[in-house]
1. Where Lys and Arg each count +1 and Asp and Glu each count -1, what net charge lies around Leu139 among other residues with Cβ under 10 Å from its Cβ?
2. Within the set of other residues whose C-beta is less than 13 Å from the C-beta of Gly99, count the net charge using Lys and Arg as +1 and Asp and Glu as -1.
3. How many angstrom separate the Cα center of region 221-249 from the Cα center of region 146-214?
4. Can you run phi through the Karplus equation (6.51, -1.76, 1.60; θ = phi - 60°) for region 91-103 and list ³J(HN,Hα) in whole Hz, with x for Gly and Pro?
5. In the structure displayed, which of Lys227/Lys274; Lys84/Lys195; Lys81/Lys195; Lys81/Lys227 lie more than 22 Å apart, Cα to Cα?
6. By the scheme Lys and Arg +1, Asp and Glu -1, what is the net charge of all other residues having a beta-carbon under 15 Å from that of Ala156?
7. Between Asp268 and Ser153, how many nm apart are label points set 7 Å from Cα along the C-beta direction?
8. Determine ³J(HN,Hα), in whole Hz, for all residues of region 198-215 in sequence, where each value follows from phi through the Karplus function 6.51 cos²θ - 1.76 cosθ + 1.60 and θ = phi - 60°; x replaces Gly and Pro.
Amino acid sequence: MRIGSVLLSLLLLGGCAQAGTMTVAGERQAAPPPRFGTPRHFDADLLRYRLAGTQLRLAGVRHGAPPRLPAVPPPRQVDCKRHKCVALTFDDGPAEFTGQVLDLLAAHRARATFFVLGQMITDETRGFVRRMASEGHELGNHSWDHASLAGLSPDALRRELERTQEAVLKETGVRMRLMRPPYGATNQTVDNETKQTGLAQVMWAVDTLDWLNRNPAVIAQRSAAAKPGDIVLMHDIHATTVQALPRLLDELDRKGFTYVTVSELLGDTTPGKKYTNR
Ligand code: NI
């Protein structure tokens, strides 16, 4: 009995709130007059309406509406004839340290290029890919699973590149224009396929060998030896590379470098063609 009266009070309150919002919304004339005379009928409808709305909101939170694509800033016009430009590149991610790399780059107002593996884009890492795009970094295709492309049939090679193109496009809306062949392994078939796919092949001028020497001081030293116009190869999958970043960014800052993406460094690139520096 008591539960029944509490419920009735709630229904009545709901009815008052509904009448109130209608006048606030400026629909006084359109809104029906308060129907306190038949609270049970009126409020049952309202209650159903509110429950449905709550369920919809809960469902939205649970399943997530499809996230909007990140807003991607355009490449900057940097005159690398006048500025000391360097293009830092990070391969094989996105992975667990990628967020720290993005934080460090942001602290130095540095833009870089990430050559990502399609298979590394997961529920855990897709946020990093979206951050790369929204923070002005460039995304490049590093194949789906780090296959040596020079050993593949044209069909398998195309699939390696296309799957990663699609994965990045889905997360960011970005259609990548650059690729880096895993191990730097390329041949005529890779040349032809990248030309057809609209991807330039990006090699490097400075190899930090950060996968081999897991020593932050050594990695920072090699990276900071870059000359203006160089493309520097690193990997954001190694903790030691992340540990090297503060030192190498400080050193490159001291030398007056401007951090640019590969496309900002090279300008218009030709699909299929290989690039190592500016
Ligand atoms: Ni790689």
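All of the numbers you see were taken from the coordinates with simple rules; none came from a lab. On a predicted model such as this, the values are computed, not experimentally measured, just so you know. For neighbour counting, all protein chains shown are included, and Cβ atoms are generated from backbone atoms with ideal geometry for every residue, glycine included.
1. Neighbourhood net charge equals 0.
2. Net of charged neighbours comes to -2.
3. So the two Cα centres are separated by 21 Å.
4. Using θ = phi - 60°, the values come out as 9, 6, x, x, 8, 5, 8, 4, x, 5, 4, 4, 4 Hz.
5. Result: Lys84/Lys195; Lys81/Lys195 exceed 22 Å.
6. Residues close to Ala156 contribute a combined charge of -2.
7. It is 3.7 nm.
8. x, 10, 7, 9, 9, 8, 7, 9, 10, 9, 6, 6, 5, 7, 8, 9, 8, 10
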